[in-house]
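Just so it is clear, none of the values below were taken in a lab; they were calculated from the coordinates. The structure displayed is predicted, hence computed values, not measured ones. Backbone-built Cβ (ideal geometry, glycine too); neighbour counts: all protein chains shown.
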Amino acid sequence: MTELAKAYDPTDVEPRWYAYWIEQGVFAASDDPAAVHAAVAKGAAGYIHKGVTLGRLVDALQRIHAGQPVVELGDPVSDRDEPEVGTAAWPGQEHGLTERESEVLSLICQGLSNQQVAQNLYLSINSVKTYIRTLYRKIGAQSRSQAVIWGLERGFSPSPR
């Protein structure tokens, strides 16, 4: 564990900051100046807002890796043509499926069992069953076969295992 990780105490950060420590930087949902200041004060070499574009995220990570201090906050005006990180649409979104439900359906369409889905997504078998029940309800499926047909018709193409 790095010194930065040891120095970081999640109880010191207000819940609205929701930050992930990456290498020597912070990837966070908050662009609050207090959150940026707190991260830098605790030794973070970089602070990256989740609203930055993919290009800016990659650039910021490369600069952090090179030892440069980085603060990248989302700027929708200058990044209008490139989607923000984490905002890309996923299959099923327009039908009300969450990202996780879509992941589960995608794996089901590949022929994986509930146990295999749980292992692939690092979930408990009960969590997988819950996701399956909710996605079945959302798509109007009453069986796994109906869910697979629904998924395949909407782009959840199976890929080789």
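Would you mind classifying the stretch 111-150 by shape? Square roots of the alpha carbon gyration tensor eigenvalues, ordered a ≥ b ≥ c; an a/c under 1.5 is rounded, otherwise it is prolate if a/b is larger than b/c and oblate if not.
Numbers: a/c = 2.88, a/b = 1.64, b/c = 1.75.
Since a/c reaches 1.5 but b/c is at least a/b, the shape of the stretch 111-150 is classed as oblate.
At 0.36 nm per residue, minus the direct Cα-Cα distance, what do L152 and A34 gain on full extension? Give it in nm, one decimal, please. Walk me through the numbers before you get to the answer.
Details: separation 118, 0.36 × 118 = 42.48 nm, distance 4.64 nm.
Taking L152 through A34 to full extension adds about 37.8 nm, to one decimal.
Starting from the stretch 89-148, pick out the chymotrypsin sites (Phe, Trp or Tyr not before Pro) whose DSSP state is loop and whose Cβ has at most 13 other Cβ atoms within 10 Å.
Numbers: sites: Y122, Y131, Y136; in loops: Y122.
Hits after loop and neighbour filter: Y122.
For H49, which sequence-distant residues (separation of 5 or more, or a different chain) have an amide H within less than 5 Å of its own amide H, given hydrogens modelled in the peptide plane?
Close amide H contacts, sequence-distant or interchain: A28, E72, L73, G74.
Modelling each spin label as a point 7 Å along the Cα-to-Cβ direction, I'd like the Q119/D59 distance in nm, to one decimal.
4.3 nm
Can you run phi through the Karplus equation (6.51, -1.76, 1.60; θ = phi - 60°) for the stretch 50-64 and list ³J(HN,Hα) in whole Hz, with x for Gly and Pro?
So the J values, rounded to whole Hz, are 5, x, 6, 6, 4, x, 5, 5, 4, 4, 5, 5, 5, 5, 4.
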